[in-house]
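In what follows, a single structure is set out as C-alpha cells and then discussed.
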Amino acid sequence: MSEISGFYTNVSLVFLFFTKMWNNLTRMENNSHEKGKKNE
C-alpha cells in the first residue's frame with residue numbers, strides 16, 4: 001500500500017510542477033505579445 005500511495009504522491013507533485021511551468025510559459029507569451037503591441 002505504501003508504495004502505491006507514494007507513487008500517487010510523486011505523480012501529483014510532478015503534475016503540480018508541470019502546471020506551474022505551463023502557467024509561467026503562458027504568462028511569458030502573454031507578456032511578449034503585449035510588448036509587441038506596445039512596440040507597434
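Rule-based calculations on the coordinates, nothing more; no lab input. All of these numbers come straight from a predicted model, not from anything done at the bench. Please note: Cβ atoms are built from the backbone with ideal geometry, for glycine as well, and neighbour counts cover all protein chains shown.
Some points to look at:
- Helix-only [θ]222 nm of the chain, DSSP H runs n ≥ 4, -39500 (n - 2.57) each, per residue, nearest 500: -35000 deg cm²/dmol
- Listed residue (SER32, MET21, VAL11) projecting farthest to the positive dipole end of the chain, Cβ model: SER32
- For the chain, alpha-carbon Rg relative to the globular expectation (2.2 N^0.38 Å, N residues): 1.96
- Backbone geometry of region 4-14 corresponds, through the Karplus equation with coefficients 6.51, -1.76 and 1.60 at θ = phi - 60°, to 3J(HN,Hα) couplings of 5, 5, x, 4, 5, 5, 4, 4, 5, 5, 4 Hz, x marking Gly and Pro.
- Computed about its Cα centre, the charge dipole of the chain is approximately 240 debye, with only Lys, Arg, Asp and Glu carrying charge at their Cβ.
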